[in-house]
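Heads up: the structure comes next, in structure tokens.
Bear in mind that the values in this text are calculations on the coordinates, not laboratory data. Owing to the predicted nature of the structure, the values given are computational and were not obtained by experimental measurement. Reconstructed Cβ throughout: ideal geometry from the backbone, glycine too, with neighbour counts over all protein chains shown.
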Amino acid sequence: TGHQEAHKSLSFVDKIVYLPFDFSWIWKYYFKLLKPSVTCFVETDFWYHFLKFAKKAGSQNLIISGKVSEKSSRRLNKLTVFSKRLFSNVDHLLIQTQDYADRFESIGIDKGKIHVTGNLKLSQKPNVVPDNEIQKWKESFQIDDNDLVITIASTHHPEEKMLLAEIIKLKKKFSIKVLLAPRHPDRFLEVYHDILSITKNVQILSKINAKTVKQTQVFVIDRMGFLPVCFELSRYAIVAGSYISRIGGHNVLEPLLYNTPSLFGPFMQTQKELK
């Protein structure tokens, strides 16, 4: 999914490739060819052989908007020899918060490499959607001025049924339309069938039936990069990943870029600074 989205959204880059497995012989060969000047890892996932052979090839290795969970830091603290070798190949760690910086420091990383620079999400800018496109989608969804339109973004199982069961209760007072975007594309059809157990008034974006769209209450958004349109159309947005403890929240600031109030659940442990 990420590979497809990169080709779609990053037309200005020179090359988009899959990341191979982290085997030493692969990276030894690749970096002899690539010879990067700078290599950036964003947030998490630190690959030992990748970093090692990038460094040997002359690269400055950076971790940008870095973070490490309590669980991961405990694990890295138990593997101090490996951890020190891993991060010895990193030149600078640009970390989201002081809490994350303290965890990196506790692993034994040189304090001089660690810099608290903030969360990259705070620098995000809106993807401007032309007014005529917004109007086109408003007509496609048959949204009236008196409709209460709510986007539920980045859901995980079982958040869809959990949230919709409550929202649909509002239909006694409001004319409701919900634009629901699951976090992972492989769940689009699964989510559609789950919602059918709550309401039959549900459609998938790519298969909208114009004859029944007026009475449709829930649209499953099976299209990447469509959230800006959803936020522009909505009176409220609910950012999921925050109603189940194993995820810990997603970017609750994104709807605000489109002047749409953002609601979220109690589990925001991985995005504390965005609360």
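Structural remarks
- Over the stretch 1-50: Kirkwood hydrodynamic radius from C-alpha pairwise inverse distances, Å: 12.7 Å
- Extension reserve of the LEU253-LEU62 stretch, reckoned as 0.36 nm per residue once the Cα distance is removed: 66.2 nm
- Extent along principal axes [Cα atoms of the stretch 185-249; Å; largest to smallest]: 39, 28, 20
- Under 26 Å from LYS161, Cα to Cα: lysines that are on another chain or at least 8 residues apart: LYS138, LYS169, LYS171, LYS172, LYS173, LYS177, LYS200, LYS207, LYS211, LYS214, LYS272, LYS275
- GNM result for the chain, Cα springs below 10 Å: residue of VAL202, VAL13, VAL128 fluctuating most strongly: VAL13
- With the charge dipole of the stretch 190-234 set up from +1 on Lys and Arg Cβ and -1 on Asp and Glu Cβ about the Cα centre, the Cα lying farthest toward the positive end among the listed residues LEU196, CYS230, ASN209 is that of ASN209.
- GNM top mover of THR151, THR97, THR44 - the chain, alpha-carbon springs below 10 Å: THR44
- Cβ-based net charge around LYS113, under 11 Å, with every Lys or Arg adding one and every Asp or Glu removing one: -2
- Unsatisfied cross-links (Cα-Cα over 19 Å) in the set LYS28/LYS67; LYS71/LYS111; LYS67/LYS113: LYS28/LYS67; LYS71/LYS111
- The reciprocal of the average 1/r between distinct C-alpha atoms defines the Kirkwood hydrodynamic radius, which for the stretch 214-267 equals 12.1 Å.
- Highest mobility in the GNM of the chain, judged by mean-square fluctuation with C-alpha springs under 10 Å and restricted to TYR192, TYR258, TYR18, is found for TYR18.
- Kirkwood radius and radius of gyration were both taken over the C-alpha atoms of the stretch 109-183, and their ratio Rg/Rh is 1.19.
- Over the chain, the ratio between the Cα radius of gyration and 2.2 N^0.38 Å evaluates to 1.18.
- Alpha-carbon centroids, the stretch 180-241 and the stretch 40-85: separation in whole Å: 37 Å
- Relative intensity, log₁₀ I(q)/I(0), of the stretch 75-208 from a Debye sum that treats every alpha carbon as a point, q = 0.13, 0.14, 0.15 Å⁻¹: -0.78, -0.81, -0.85
- Centroid-to-centroid separation of the stretch 249-265 and the stretch 125-176 [C-alpha atoms, Å]: 14 Å
- The stretch 124-275: translational diffusion in µm²/s, Stokes-Einstein, Kirkwood Rh over Cα pairs, 4 °C, 1.567 mPa s: 83 µm²/s
- Value of D in µm² per second that Stokes-Einstein yields for the stretch 12-136, Kirkwood Rh from Cα pairs, at 37 °C (0.692 mPa s): 202 µm²/s
- Net dipole in debye of the chain [+1 Lys, Arg Cβ; -1 Asp, Glu Cβ; about Cα centre; nearest 20]: 700 debye
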